[in-house]
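To start, the structure under review is shown below, and the notes come after it.
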Amino acid sequence: MTDDASRIRLVQTVLDSTDARRLAEFYRALLGLVYAEGDEPPPAGQPDEHGRDWLVLRRPDGAPQLAFQQVTSLRAPDWPDGPVPQQLHLDLSVASLAELRNQHERVLALGGRLLSNRDRPDPDDEERFRVYRDPEGHPFCVFVAERDA
C-alpha cells in the first residue's frame, strides 16, 4: 500500500488557449475562482505579461483548480459531429433544475455557447444537463447533481 506522501496528486487541469486571459476570465467569472498571486490582470493600459504565457485560477481557499497555457494556434474540437474529438471536458454541477436554467443564461452572457446538435434538448425542457463550448471551443457540461453524489 502507498502512503499519502508517495502518491501522485492532481494539482490542476490545464487548458490550451490562443487568448489565455480571455479564457481565464470566462472560468473565473463562471466558477467564482480567483487568480493565483501575480496572475491578476494588470492595470488598464499596462502590458499583460502573464496573460501571454500561463495563468492559474484557484478556489478562494487557495486550492489550485485551472490553469491556462498560451499557444499560438489551437484546433478546437468539433465533437460530436466532426473528426476532432473533445479530448477533455469539464463536468460542472448545480443543485437544481431551476439553478441549471439560471446558469444557462450566465454561461451564454459570459461567452459560452450551447452545443448545437439535433440530439441535444432545448435548454427550456426538463433535461438535467447541458453541453456547452467555452470561448476557445473546449466542451464542458453543467448538470444537476444529486446531493449525495
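The values are calculated or read from the model by the stated rules, or taken from the named source; none is laboratory data. Just so you know, these numbers come straight off a predicted model, no measurement behind them. So basically every Cβ, Gly included, is an ideal-geometry build from the backbone, and we count neighbours across all protein chains shown. Only protein heavy atoms, including side chains, enter the accessible area calculation; ligands, DNA and RNA are left aside. Shrake-Rupley method; radii C 1.70, N 1.55, O 1.52, S 1.80 Å.
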Sorted by chain and then number, the residues having a modelled amide H within less than 5 Å of the amide H of Trp54, at least 5 places away or on another chain, are Gln70
Relative contact order in percent for the stretch 11-97 (Cα pairs under 8 Å, 6+ apart) equals 34
Checking rank on 128-134, 33-39, with mean other Cβ inside 10 Å and highest first, the result is 128-134, 33-39
Carbon and sulfur atoms account, in whole percent of the 1.4 Å probe accessible area of the stretch 29-88, for 51
Computed over the chain, the relative contact order (Cα-Cα under 8 Å, seq sep at least six) in percent reads 23
As a percent rounded to 5, the proportion of antiparallel DSSP bridges among beta bridges in the chain is 60
Once all protein chains are kept in place, His50 shows an accessible area at probe 1.4 Å, nearest 10 Å², of 80
Read-out percent of Cα pairs over 25 Å apart, candidates (1) 20; (2) 49; (3) 36; calculated match is (3)
At the level of C-alpha centres, the distance separating the stretch 94-113 and the stretch 128-146, in angstrom, is 9
